[in-house]
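Inspection log for the structure reproduced underneath, given as C-alpha cells.
Quick note: the coordinates plus some simple rules give every number you see, no bench work behind them. Note that the coordinates shown come from a computational prediction; the quantities given were computed from them, not determined experimentally. Because the Cβ atoms are built from the backbone with ideal geometry, glycine has one as well, and the counts that use them run over all protein chains shown.
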Amino acid sequence: MDSSNNEVIHDFPFFKVYKDGAIERCTTMEPALPGLDPDTGVQSKDVVVSPETGVKARIFVPKIDGPHQRLPLLIHYHGGGFCLGSALDMPFKRFLTSLVVKANIVAITIDYRLAPEHHLPIAHEDSWAGLEWVASHSYGQGPEPLLNRHADFGRVFLAGESAGANIAHYVAVQVGAKYMCSLNIVGTLMVHPFFGEQKLDEMYAYMCPTSAGFEEDPILNPALDPNLKMMRSDRVLVCVAEKDGLRNRGVYYYETLKKSEWHGKAEFYQTLGEDHCFHMFNPKSKNVGPFLQKLVNFIKSTK
C-alpha cells in the first residue's frame, strides 16, 4: 500500500478527506429497522422515492381509525451538517415516532444523499425530488397506498433540524416559486436551523464548491433570496436552544422572515439551558417533553 495515499489533506469538524479521496466521518449513528413499534403502535415502512438515484424515505403511520381516516402529513428532512447520518437512523425514528403519536399525524422523512461524496446542493435537489414524489399521491393515485389512503394533502407540514431545517426552508420556497398547488403547506417546523455564517466556512465550501459564500448564496442567507416572499407556508415556528452555537443564526432567520414580504406568520421558541439538537442527543433531558409539546401544539393549532 502506498502510505502517501493515507495522508489527510482536509481535517474538518465532521469528516476527514484523505489524499486518495477516501472520506472518514467523525461519527456514525445507529441504524433502525422499519416495522411495528410495539410500544406506540406506529408502523414504519421504507420506500424508494427515486429509482434513478436510489434515494429512500421512511413513512410513519400511527394507529388508524378505519380505512378512510386521513391525517395531517409531516415531511421531514434530517440534520447532520449535510454530511452525517441517515433518515433511517435511530435518533430520527425515535423522534418521529414520538411526534406521530403525540400529534396524530402521518410522517415521511427523506433520506437524501450526503456530501462531500455528493456535492451540495444535491441534498436539496434530492429533498425536492422527495417532495415531488410525495405530491404524486395528492389525488390518491401515487405508488404508496399508505399515503393514498391516510395522508391529508390539504394539511401538510415541513420540518427539519439543523441542516434539515435549511432544506425544509429551501423546499418551502421552491413550492411557492414553482407554483406547486397539489400540497397545501400550512406550517413549517424549523428546529435549530443552520444558515451559515459571515466568515468563510471551509467545510461548507468543500461540500458546496459552487457556493459564492454567505454574502451571495441564498441557501446560506435567505435574506438574499428574491423568492423568499413566495415561500409556501402559512406559519413557521423557529426553535432555538440557548447554548447552541447556531442560536443567533436561528434568531436572524426569524427576524428575516418578520422583515420580509412573505405573508405568513413567524413564531419563535427558545429552550433554555440546552445545546444543539438536544432532543436527539439527550432524549432523557427534562426539556425534551416541553419542546415536543410545543411542536405538537403548533401542529394541532394550525388549520
How big is the charge dipole of region 163-231 about its Cα centre, in debye rounded to the nearest 20, if each Lys and Arg gets +1 on its Cβ and each Asp and Glu gets -1 on its Cβ? 360 debye
Any idea what the relative contact order of region 141-231 is, in percent, if you count C-alpha pairs under 8 Å spaced at least 6 apart? 29 percent
Estimated FRET transfer efficiency when R0 is 25 angstrom, pair THR53-ASP234 (beta carbons, to 0.05): 0.20
For helix 247-259, report the angle its Cα long axis makes with the longest principal axis of the Cα atoms of the chain; keep it between 0 and 90° and round to the nearest 10°. 60 degrees
Show which lysines lie in cross-link reach of LYS286 when reach means a straight Cα distance below 16 angstrom and same-chain residues fewer than eight apart are skipped. LYS243, LYS294
Per-residue counts of other Cβ atoms within 10 Å, averaged by peptide: what ranking do you get for 271-281, 287-297, highest first? 271-281, 287-297
Residues whose modelled amide H sits under 5 Å from the amide H of THR188, counting only those 5 or more places away in sequence or on another chain, are LEU158, ARG235, VAL236, LEU237
Semi-axes of the equivalent ellipsoid for region 3-69, Cα gyration tensor, largest first, Å: 41, 15, 8
Please list the non-local residues whose amide H lies under 5 Å from the amide H of PHE15, H modeled 1.01 Å from N, same-chain partners needing a gap of 5 or more. CYS26
Interchain or long-range residues, amide H under 5 Å from ALA151's placed H: LEU71
Largest-first principal axis extents, alpha carbons of region 29-100, Å: 39, 28, 19
For a test of the definition: using alpha carbon positions, the gyration tensor, and the 1.5 limit on a/c, classify region 197-265 as rounded, prolate or oblate. oblate
In the structure shown, of LYS93/LYS259; LYS45/LYS265; LYS258/LYS300; LYS16/LYS93, the pairs separated by more than 31 angstrom at the C-alpha atoms are LYS93/LYS259; LYS45/LYS265
Answer label, with semi-axes √(5λ) of the Cα gyration tensor in Å calculated from the coordinates and candidates (i) 35, 21, 20; (ii) 29, 23, 20; (iii) 39, 24, 16: (ii)
In vacuo Debye sum over C-alpha of region 175-303, base-10 log of normalised intensity I(q)/I(0) at q = 0.14 Å⁻¹, listed in q order, is -0.71
What percent does the relative contact order of region 1-67 come to when contacts are Cα pairs within less than 8 Å and at least six residues apart? 17 percent
Give me the aspartates and glutamates in straight-line cross-link reach of LYS19: C-alpha distance below 16 Å, same-chain residues under 8 apart excluded. ASP2, GLU7, ASP11, GLU117
Hey, what angle do you get for helix 288-300 against the long axis of the chain, alpha-carbon based, 0 to 90 degrees rounded to 10? 50 degrees
May I ask you to order 16-26, 165-175 by the average number of other C-beta atoms within 10 Å around their residues, highest value first? 165-175, 16-26
Under 12 Å from the Cβ of LEU147, count the other residues' Cβ atoms, weight Lys and Arg +1, Asp and Glu -1, and hand me the total. +1
Those GluC sites (Glu not before Pro) in region 210-263 that DSSP places in a loop and that have at most 10 other beta carbons within 10 Å: GLU215, GLU216, GLU261
Output the relative contact order of the chain, whole-number percent, from Cα pairs under 8 angstrom with separation of 6+ residues. 14 percent
Restricting region 92-134 to GluC sites (Glu not before Pro) in coil, as DSSP defines it, with at most 10 other Cβ within 10 Å: none
May I have the extent of the alpha carbons of region 1-123 along their three principal axes, as whole Å values ordered from largest to smallest? 63, 30, 22
